[in-house]
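Below is one structure, written out as structure tokens, with a few remarks after it.
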Amino acid sequence: QVQVVESGGGLVQPGGSLRLSCVASGSIFSINHMAWYRQAPGEQLDLVASITSGGSINYTDSVKGRFTISRDNAKNTVYLQMNGLKPEDTADYYCNVRATMRGTSVDLYYWGQGTQVTVSS
């Protein structure tokens, strides 16, 4: 099994910053793709940023220049540094990990439970 746990959400004023962390643990052979998604109330789940094992990064247009995704492969951890937060960034943020478990050759996607980010004055 692979467990994914996010942390770092909270309440912040517009223009403020937060850093989200996501740790994957368990019987992991390799982690390929790591990503952050978000879901605002009443909205669909949207990709925010992703990073491959080789370091290729992708951002949704609305966060470019404000958010930075990074990963620590030794710690099976992905981060999302969020600066210049806006009220429209308010959402539940979810970590998604594509990993191969030990003893298998199959990539599976694993989700965390989410962490809430609220941007409000």
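The values are calculated or read from the model by the stated rules, or taken from the named source; none is laboratory data. Since we're looking at a predicted model, the values are computed, not measured. So basically every Cβ, Gly included, is an ideal-geometry build from the backbone, and we count neighbours across all protein chains shown. Quick note on the areas: whole protein, heavy atoms, side chains included, nothing else; ligands and nucleic acids left out. Shrake-Rupley method; radii C 1.70, N 1.55, O 1.52, S 1.80 Å.
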In region 23-79, anything at pLDDT below 95, among the hydrophobic types (A, V, I, L, M, F, W, C) and either open to solvent by less than 40 Å² (accessible area, probe 1.4 Å) or over 14 Å from residue 98 (Cα atoms) (or both) is listed as 28, 31, 74
Turns out the strands (runs of 3 or more DSSP E) fully within region 38-121 with at least 2 residues that are β-branched (Val, Ile, Thr) and farther than 16 Å from residue 12 by Cα are 45-52, 67-72, 77-82, 91-101
From the option list 9, 16, single residue qualifying as more than 10 Å from residue 97 (Cβ to Cβ) and open to solvent by less than 30 Å² (accessible area, probe 1.4 Å) is 16
Selection over region 11-68 where residues are aromatic (Phe, Trp, Tyr) and farther than 30 Å from residue 104 by Cβ yields a count of 2
Taking region 51-94 and the residues there that are in contact (Cβ under 8 Å) with a residue 40 or more places away in the chain and hydroxyl-bearing (Ser, Thr, Tyr), the one that is farthest from residue 115 (Cα to Cα) would be 77
Within region 80-106, restricting to residues that are open to solvent by 70 Å² or more (accessible area, probe 1.4 Å) and of a type in the set (Gly, Ala, Ser), the one that is farthest from residue 34 (Cα to Cα) is 103
